[in-house]
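We did not get these values from a lab; they are worked out from the coordinates using the rules stated. Everything quoted here is computed from the prediction, not taken from an experiment. Note: ideal-geometry Cβ built from the backbone for every residue, glycine included; neighbour counts use all protein chains shown.
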Amino acid sequence: MATQEFYIRNETDTEARGPFNVEQLTSLIDSGQLTPATLFYDATTEQWTPIASNADLKITLFPEKKKLTVRPKQKLDTLNKEVEGAAPITVNDMLAAAEGRTSDTKDKKDPAEAMARAAGIARWCAIVTLLAATAGEVLPSTDAVLSMDPAKILGAPLIILGAADLFLAVMLGLGVVTLYPLVRFRAAVGLGFLGFIFWTHGQTTPFLALVAGCGGLYLSTVFLTYLSVAIAAALGIGGFGFVAWQLLS
């Protein structure tokens, strides 16, 4: 039908117009020159017939428009229902809930936040452990340090180890946690160096304290839970504290 040609006229016309294709007839409809009552020449019946009497042609030229209807309002059930007599929720209440500071959310804190806090405590435990180790390594040789004599300082190798421990403690205090691999290496070196001295001199108790201190220093750079950090702190600070007391006495 798209390529079919049509001749049209009104009932009062004596002359026909055309030929027109479907697109041209649609244009005539838009301009008000064609209505369902307009006659067209039906070649099959060889008669002038109103467009409205031909169902196929009528639906092509005058398709029925769907009526727009307003959808009835639906009542939706919400999860948050107002409880009669309940206190209004304030901004502070929402912030407290987000931070896990309410009775309903206190057991739903973000695990990553707890791990970050534990790591921060562990960093300070490592700092205190290194300072305890520094005290035991440097204070017995205070005279050599104050003399600033390279020969005397080289004659007391613990001073060099103490200087390294002090440097690491200061850097960790500044938040340079990228030095953790170096701290672990220092724990291994300190255990090997001082452990050899204590073991060869038959000082079993200081040796065991050194093992605990180096182990605690190493683990403080690894553990991320409060309990494990507390264990590492007890081993590190307690072990190097005892070693410092032995070296100073």
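If you take the square roots of the eigenvalues of the alpha-carbon gyration tensor of the range 121-249 and sort them as a ≥ b ≥ c, do you get rounded (a/c under 1.5), prolate (a/b over b/c) or oblate?
In terms of gyration-tensor shape, oblate.
Counting only C-alpha contacts under 8 Å and six or more residues apart, can you give the relative contact order of the range 6-61 as a whole percent?
RCO, the range 6-61: 30 percent.
When the label point is put 7 Å from the Cα of Gln203 along its Cα-to-beta-carbon vector, which residues of the range 229-245 have a backbone N closer than 15 Å?
What the label zone holds, given the 15 Å backbone N cut-off, is 239-245.
Could you tell me the calculated FRET efficiency between Leu95 and Lys65, based on Cβ-Cβ distance and R0 = 51 angstrom, to the nearest 0.05?
0.40
Could you put Met171, Met94 in order, starting from the residue whose Cβ has the fewest other Cβ atoms within 10 Å?
By the 10 Å Cβ count, ascending, the order reads Met94, Met171.
Where in the range 212-230 is the amide nitrogen less than 19 Å from a point lying 7 Å along the Cα-to-Cβ axis of Val177?
So the set is 216-230.
Ranking request for peptides 200-211, 182-193: highest mean number of other beta-carbon atoms within 10 Å first, then the rest in descending order.
Peptide ranking by packing, descending: 182-193, 200-211.
Taking the alpha-carbon centroid of each part, what is the distance from the range 181-239 to the range 1-46 in angstrom?
Cα centroid to Cα centroid, the span is 102 Å.
Does the range 1-62 come out rounded, prolate or oblate, given a ≥ b ≥ c as the square roots of the eigenvalues of its C-alpha gyration tensor, rounded meaning a/c under 1.5 and, failing that, prolate meaning a/b above b/c?
Rounded, because the longest to shortest axis ratio a/c is under 1.5.
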